[in-house]
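Below: the structure, in structure tokens.
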């Protein structure tokens, strides 16, 4: 009987949100009303006490980086650096020099000694976003750091030791990537000591209205829109939408509506949602080209329209597309976009 009581107490403790709503919103920029997200946050806070590696999974826009920052901020390493690396935004050679650094003259263009991000994050936390995009060769080098806590700067045989907590994130199913032999099994188990799975926004409807209000409050402060509010009709539209782009899509939709509307009240017509666009008919799809050509054409048009939405602001467009600004610039050049 005593054993059952202890189990009940442990379960109750797991369901309690360890941080106040005010602290989550103001310090960690998170809104959590749904039980599913509260459980993830509770698990993240408990995991923060250890130095274990953490793998955060979830669709794009669900807030994986926010959870990683939360872990760091409530951990014993909170006063040390928190370093973010987007593994999908850099080619293999650049990612290696970013992570591990290089010596002057170690390769063409190495005009100075560069300290890598693992050294920069020493005693702190490194967040490896889009870990599923990492090449097999880089996976081997990362595995060594996780196993031994050491690496070599490019062009230097001396071994460098670091004490870094590694948090990684992906929107891919890494178990499927294992089956396809695109991701190393030994690395997966090193990264996946603690797994935090973020639910998509459509599965936590309780959070939508609170998130919308949170973003409006921030916009009122950032843009001095003291009278800004959301009309009841717009609230109903927001509540009934599936938000395939998750929290990031909601945030961008609210910001665009505030900026492009009258600045006083967000109306349904101010919200640009996917379902408001006319459905593409099958006979509008072009055929007679390779799949790669079709993908390139879609990416070119999508980037162009996003840049039109942001009036050419590359930084904002990169945030919407969830890619690095340097990668966006490269795509603009590759697709010869006139922006």
Qualifying positions in the stretch 120-178 - farther than 25 Å from residue 64 by Cβ and in contact (Cβ under 8 Å) with a residue 24 or more places away in the chain: 152, 153, 154, 155, 156, 160
Filter result for residue 157 (over 23 Å from residue 326 (Cβ atoms) and part of a loop (DSSP other than H, G, I, E, B)): yes
Qualifying positions in the stretch 322-338 - modelled with pLDDT under 85 and surrounded by 13 or more Cβ atoms within 10 Å (Cβ to Cβ): 322, 335
Condition check for residue 88: in contact with a helix residue (DSSP H, G or I) (Cβ under 7 Å, 6 or more places away or on another chain), modelled with pLDDT of 95 or more and under 16 Å from residue 170 (Cα atoms): no
Selection from the stretch 164-188 of residues that are in a helix (DSSP H, G or I) and within 11 Å of residue 131 (Cα to Cα): 174, 187, 188
Exclusive hit being over 23 Å from the mean Cα position of the chain (by Cα), at pLDDT below 95 and under 17 Å from residue 211 (Cα atoms), set 279, 258, 294: 258
Enumerated helices (runs of 4 or more DSSP H) restricted to the stretch 195-266, each holding at least 1 residues that are touching a residue at least 40 places away in the same chain (Cβ under 8 Å), surrounded by 17 or more Cβ atoms within 10 Å (Cβ to Cβ) and out of contact with any strand residue (DSSP E or B) (no Cβ under 7 Å at 6 or more places or on another chain): 206-222, 246-260
Failed item, numbered, when residue 8 is tested on (1) at pLDDT 95 or above; (2) surrounded by fewer than 17 Cβ atoms within 10 Å (Cβ to Cβ): (1)
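The values are calculated or read from the model by the stated rules, or taken from the named source; none is laboratory data. In this text the structure is predicted, and so the values were computed from the model without any measurement. Please note: Cβ atoms are built from the backbone with ideal geometry, for glycine as well, and neighbour counts cover all protein chains shown.
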